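Okay, so here's the structure we're looking at.
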Amino acid sequence: MGKLIVIEGTDCSGKQTQGKILVDNLNSKGLNAIYLSFPMYDTPSGHILGGPVLGKDEIGPCWFKEGIELDPYVACLYYAADRKYNISKVKDYLDQGYYVIVDRYTSSNMAHQGSKITNKDDRFYMFQWIDKLEYWLLDLPKPDMTIFLHMPILYSLELIKTRPDTDVAEKSEEHLKNAEETYLELAELYHWVKIECVKDNNLRTKNEIANEILEKIL
């Protein structure tokens, strides 16, 4: 049986970059590894998320007046449906003994949708609700490890300016701030492996971060 490693992180923390470097590093050590990412925008369920929910320019317009304000429980169902629809890809690789490196997973639902809930007790209830929905009712495999890349919001806001396309969530400074706070809460609650992307007020290099991630896994 393989290992499911989830890469989570605040915006512009380099989840995709680090996920792909990790796969290369594991392969170089003779370990079978594959990179996957949720939502899977090139699938039917992913198109629903990319267009109607997030309004990504390259996929289609948002169907909701304010997509960022979509009821968090409703939004959770869309994201969970995408994972359920595509989870066979993950399970097939796990059955073959691969390290499956996943960029965003159930924990993203907890962070981004939980960030819409201001009351801490209500937010904790949502975390439990998502856990039950995805891991028990939908039978998704639980991660063997979750790596959390923490990019402080002040740095995220500057890096987002360099992106050619942004979705409705990335355009909201308030959402980004709340999501960062919720990610930090989750990292402590679920004992994720926390990797700081900024050290001594300077951005760390991608190789510095990649080496720390590999060390934690091995």
* What does the accessible area of E181 come to, in Å² to the nearest 10, when a probe of 1.4 Å is used? -> 90
* Asked: To the nearest 10 square angstrom, how much accessible area does S28 have with a 1.4 angstrom probe?
  -> 90
* Using 0.36 nm per residue, how much length does the chain from K177 to Q96 gain when fully extended, once their Cα-Cα distance is taken away? -> 25.2 nm
* Asked: Which distance in nm do the two modelled labels at L31 and Y190 give, with both placed 7 Å along the Cα-to-Cβ direction?
  -> 2.0
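Using a 1.4 angstrom probe on the protein heavy atoms only, could you order K15, K116 from most to least accessible area? If you can, show how the numbers build up before the last one.
On the way: K15 25, K116 60 Å².
So the residues, ranked largest to smallest area, are K116, K15.
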* Under 20 Å Cα-Cα from K15, which lysines qualify once same-chain neighbours fewer than 8 residues away are excluded? -> K3, K56, K89, K142, K161, K171, K177, K194, K199, K206, K216
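According to the square roots a ≥ b ≥ c of the eigenvalues of the Cα gyration tensor, what is the shape class of the chain, taking rounded for a/c under 1.5, prolate for a/b larger than b/c otherwise, and oblate for the remainder? Walk me through the numbers before you get to the answer.
Values: a/c = 1.41, a/b = 1.15, b/c = 1.23.
It comes out rounded by the Cα gyration axes.
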* Asked: For segment 76-85, what does the Karplus curve 6.51 cos²θ - 1.76 cosθ + 1.60, with θ = phi - 60°, yield as ³J(HN,Hα) per residue in whole Hz, taken in order and with x for Gly and Pro?
  -> 4, 5, 4, 5, 5, 4, 5, 5, 5, 4
* Asked: Nearest 20 debye, what's the magnitude of the dipole of the chain about its Cα centre given +1 on Lys and Arg Cβ and -1 on Asp and Glu Cβ?
  -> 460
* Asked: Using modelled amide H (1.01 Å from N, peptide plane; none on Pro or chain starts), what sits under 5 Å from the amide H of Y41, excluding residues fewer than 5 places away?
  -> none
* **Leading residue at positive end of dipole, the chain (Cβ point charges), from L49, H191, L214** => L214
* To do: Show Y78, Y135 ordered by accessible area, largest first, where the area counts protein heavy atoms only and the probe is 1.4 Å.
  => Y78, Y135
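Using only DSSP helix segments of four residues or longer, with each worth -39500 (n - 2.57), what per-residue ellipticity at 222 nm results for the chain after dividing by its residue count and rounding to 500? If you can, show how the numbers build up before the last one.
Values: 8 runs with 101 residues, N = 218.
Mean residue ellipticity, 222 nm, calculated: -14500 deg cm²/dmol.
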* Taking the Cα centre of segment 87-146 as origin, work out the dipole magnitude from +1 charges on Lys and Arg Cβ and -1 charges on Asp and Glu Cβ, in debye rounded to 20. => 200
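So, with a 1.4 angstrom probe, what is the percent of accessible area on the chain that is carbon and sulfur? List each step's numbers first, then the result.
On the way: 5620 of 11220 Å².
Of all accessible area on the chain, carbon and sulfur atoms account for 50 percent.
Got a sec? What order do V198, V74 fall in by accessible area at 1.4 Å, biggest, i.e. largest, first?
Details: V198 25, V74 60 Å².
Result, largest first: V74, V198.
Would you mind getting the accessible area per residue of the chain, heavy atoms of the protein chains only, 1.4 Å probe, in Å²?
Values: 11220 Å² over 218 residues.
Counting only protein heavy atoms, the per-residue value for the chain is 51 Å².
The values are calculated or read from the model by the stated rules, or taken from the named source; none is laboratory data. Since the structure is predicted, the reported quantities are computational estimates derived from the model, not experimental observations. A quick note on method: Cβ atoms are made from the backbone with ideal geometry, for glycine too, and the neighbour counts reach across all protein chains shown. For the accessible areas, the whole protein counts, side chains as well, though only heavy atoms, and no ligand, DNA or RNA atoms are used. Shrake-Rupley method; radii C 1.70, N 1.55, O 1.52, S 1.80 Å.
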